[in-house]
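Written out below as structure tokens is the structure these notes cover.
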Amino acid sequence: MKKGGKDKIKVAFFDFTGCEGCQLNKLNLENDLLDILEHVEIVEFREAMDDKADEYDIAFVEGSITTPECVTRIHDIRRRSKVLVALGACATNGGINALKNIHDIDEVRERVYGKDKYLFPTIPVMPVHAIVKVDYKIYGCPMTQEEFVKVFKALVMGKKPQVPNYAVCVECKLRENECLLERGIFCLGPVTRAGCNARCPSFGQSCIGCRGLVDDVNQNASIEILKRYGYSLEEAVKRMNLFNTTEVKVEP
Amino acid sequence: MRQNLDINVHHVTRVEGHGNIVVNVKEGKLERAYLEIVEAPRYFEAILKGRNYKEAAIITSRICGICSLGHQMTSLKATEAALGLDVSEQTVLLRKLLIDGATIQSHVLHSLFLVTPDFVGKPSVFAMIGDYREAVLRALRMKNIANLVSEVVGGRAVHPVTPIPGGFTRIPEAGELKFLKEKLVNEMLPDCDATVELMHQLLDTIPNFERETEYISLQCDDEYAFYDGDICSSDTGRVPVDRYEKMTNEFVVPHSTSKHAKANRESFMVGALARFNNNSSQLLERAQRAAEKLRLKAPCYNPYMNSIAQIVEVVHCTEEAIKIIDTLLARGLKDEKPDQEPKKYGRGIGSTEVPRGILYHDYTYDRKGLIVKANCVIPTGQNLGNIDYDMKKLVPEIIDEPKESIVKKLEMLVRAYDPCISCSVHMLDVDFVE
């Protein structure tokens, strides 16, 4: 990648509405972090440092768009960034935040803030790409450190990062796990984008769909599969909604 | 004396979440001094409604990436209490081991990555790499080992995957625990000692400020309480956890999207310093020595010392983790069948000590095991009032210092509480109307 300004590539991290777990996973990179720092300059990262900058070669954006202020701020960041990467489920598809969207928004506000429901503006939860152009996406709740490092390195070397577009089942089979659906446990492996190395099924926990749906997923066929294992359409959609409200198109 | 002062620190850095410091002195009179919370709410309460009991901990984990384990543990305890699910002694031990790992991880992140830059006069931990390379590498190592505990037992450091209602989906193997123990004994303990030594050298940079307040934490008879206990107030003593509403009394203030709380006075403090003040005699031996060396003595009324209390707890949790691993290995690890059918339905309350203080989850389930009502009271929300009162006492004491110095001390004060603003805002209690 072409370097901005004097020397190192200028990298910034921004957080919108989310749990900051992906930010934490970056700090959890530990020793890799120091290696990366040899090649790039982190110019803005509010959770870890005081500094602020005007322009960025790579901007990593975490969290969902949930308020009018978020909309303004993401425009401003996009304007000053050469490459913008959405980081984690909240940024790539709205994540768990977007479950809010299936409820009546006025009712939700009133239940939380009562008579002050219009004190804090809120809008339906949106992924970053609903507002500005996103160049690359790093999926997952939380994103995996491996995928973050992979994408980061590719960008620094001027390459186009590749992410899987097949189902978690593929990785799960490669790890020779016993199929959870066969064991009678609900699992979203068949419809969820791989790249996590089937972490949850490998620990005996079902896939909860945190990396979003694979592109062009045949949702009706997936629902047929889940129905075959004894789950109703309503139940299947409810489970898929957990991390994918903005992607699931089938109405129960 | 300075007559006028206007401070507005927009989005305090090196804290989790979004908050602003607002201070206003006019004609010698303090008009405003508070921490404004501007984090965008996420309406978790709406998200939880109607969800299955197996999903509650998965969802509430996402309230906060830093405290994900704490939310999971508290959520599981609330669900188990409501549905009558039993857990084995092995599960309790593994959960305590997870809590030790998560506490070390969070405390190291806060005290060494976010706070220490203030003590050594640097804008960030990245800027410390030059002059304090060994300290930074050490902190990274400690975080690494703490995360390893979560990965081995929980399957992942952020949003762990194995803890479910009734137990674990996977029990670690003896070899994995032995490996963890080696890391803890051979690397973590020496790193703890070196960290205590570093903090000892930096003690003089900690602002000298005191304000006595009410300290609230869990307390139990047989250990320094993290996983379980009664609610203990330094003012009024112990009450059972199901009385938590009387000990929190949440209320809305106009300058914060997070609710504030009070118990017996206008405000109270939770977190490492509160735990230390209430339970310091139960700290394990090495942690006792660390406290002595760091001149931390109960009761301590200086909120800036919270970061030091965290270091002492890092030592304690390391010792405790080693003890737990020894016990687990001595007993032999057994496979568990965590999937149990609910034996009852209704309300259940769970409470644990998470890194930032006492956390409560309170759920009500219907006959189908779906959530009808949820309430979570977050440590940072409980601390917000206390931060405001500290600021109101601190500002007049330092009013004649240069403005930059006042701003720095205020930022350091907010940071000392280790506020987790995502947590405090993202879960607001609400009654569902069925």
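Derivation of every value follows stated rules applied to the coordinates shown; laboratory data play no part. Predicted model, so just to flag it, every value in this text is computed and none were measured. Note: ideal-geometry Cβ built from the backbone for every residue, glycine included; neighbour counts use all protein chains shown.
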Based only on other Cβ atoms within 10 Å, what is the fewest-to-most ordering of B:Ser124, B:Ser88?
B:Ser88, B:Ser124
Neighbour counts of other C-beta atoms within 10 Å: give me A:Thr67, A:Thr17, A:Thr92 arranged from fewest to most.
A:Thr67, A:Thr17, A:Thr92
Starting from the Cα of A:Phe120, step 7 Å along the direction of its Cβ; do the same at B:Phe179; then give the gap between the two resulting points in nm.
4.2 nm
Taking the alpha-carbon set of region B:140-246, what are its Rg and Dmax in Å?
18.9, 48
Mean per-residue count of partner chain Cβ within 10 Å for B:59-66 equals 6
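Give the peptides B:410-416, B:48-54 in descending order of average Cβ contacts within 10 Å, highest first. Kindly include the intermediate steps, with their values, before the conclusion.
Working: B:410-416: 22.4, B:48-54: 20.0.
Sorting B:410-416, B:48-54 by mean packing, highest first, produces B:410-416, B:48-54.
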For region A:9-156, whose charge dipole is built from +1 on Lys and Arg Cβ atoms and -1 on Asp and Glu Cβ atoms, the candidate among A:Leu99, A:Gln145, A:Ala89 with its Cα farthest towards the positive end is A:Leu99
Exposed loop sites here are GluC sites (Glu not before Pro) in DSSP loop states with at most 12 other C-beta atoms within 10 Å. What is the longest stretch of chain A lacking them?
A:39-175
Please figure out what share of the DSSP beta bridges in the protein assembly as shown is antiparallel and state it in percent, rounded to the nearest 5.
65 percent
Using 1/(1 + (r/R0)^6) with R0 = 35 angstrom and r between the beta carbons of A:Asp215 and A:Asp104, what's the FRET efficiency to the nearest 0.05?
0.70
Simple spin-label model, 7 Å along Cα-to-Cβ: B:Leu333 to A:His39 in nm?
3.6 nm
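When the helices in the protein assembly as shown are scored as -39500 (n - 2.57) per DSSP H run of 4 or longer and the sum is shared across all residues, what 222 nm value do you end up with, to the nearest 500 deg cm²/dmol? Kindly include the intermediate steps, with their values, before the conclusion.
Details: 25 runs with 267 residues, N = 686.
The helix-only estimate for the protein assembly as shown comes to -11500 deg cm²/dmol at 222 nm.
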Mean-position separation - Cα centroids, region B:251-287 and region B:156-199, in angstrom
26 Å
Just to confirm my numbers, what's the Cα centroid distance between region B:203-243 and region A:145-193 in Å?
44 Å
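If I take R0 = 30 Å and measure r between the Cβ atoms of B:Asn24 and B:Arg238 in this structure, what FRET efficiency does the formula 1/(1 + (r/R0)^6) give, to the nearest 0.05? Mind dumping the intermediate values first?
Working: r = 40 Å, r/R0 = 1.33.
Rounded to the nearest 0.05, the efficiency is 0.15.
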DSSP-loop trypsin sites (Lys or Arg not before Pro) across region A:213-252, with at most 11 other Cβ within 10 angstrom
A:Lys249
Averaged over B:110-116, number of beta-carbon atoms from partner chains that fall within 10 Å:
1
Provide the per-residue ³J(HN,Hα) series for region B:127-139, in order, calculated from phi with Karplus coefficients 6.51, -1.76, 1.60 and θ = phi - 60°, each as a whole number of Hz, with x at glycine and proline positions.
6, 7, 4, x, 7, 10, 4, 4, 5, 5, 4, 4, 4
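Fewest Cβ neighbours within 10 Å first, please rank A:Cys22, B:Cys420, A:Cys196 accordingly. Don't skip to the answer; put the middle values down first.
Details: A:Cys22 28, B:Cys420 31, A:Cys196 24.
Going from least to most buried by this count: A:Cys196, A:Cys22, B:Cys420.
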Testing the spin-label approximation: label points 7 Å from Cα along Cα→Cβ at B:Asp326 and B:Leu370. State their distance in nm.
5.0 nm
Hey, got the dipole for region B:44-426? About the Cα centre, +1 on K and R Cβ, -1 on D and E Cβ, debye to the nearest 20?
900 debye
Could you compute the FRET efficiency for B:Lys408 and B:Arg133, with r as their C-beta to C-beta distance and R0 at 30 Å, rounded to 0.05?
0.75
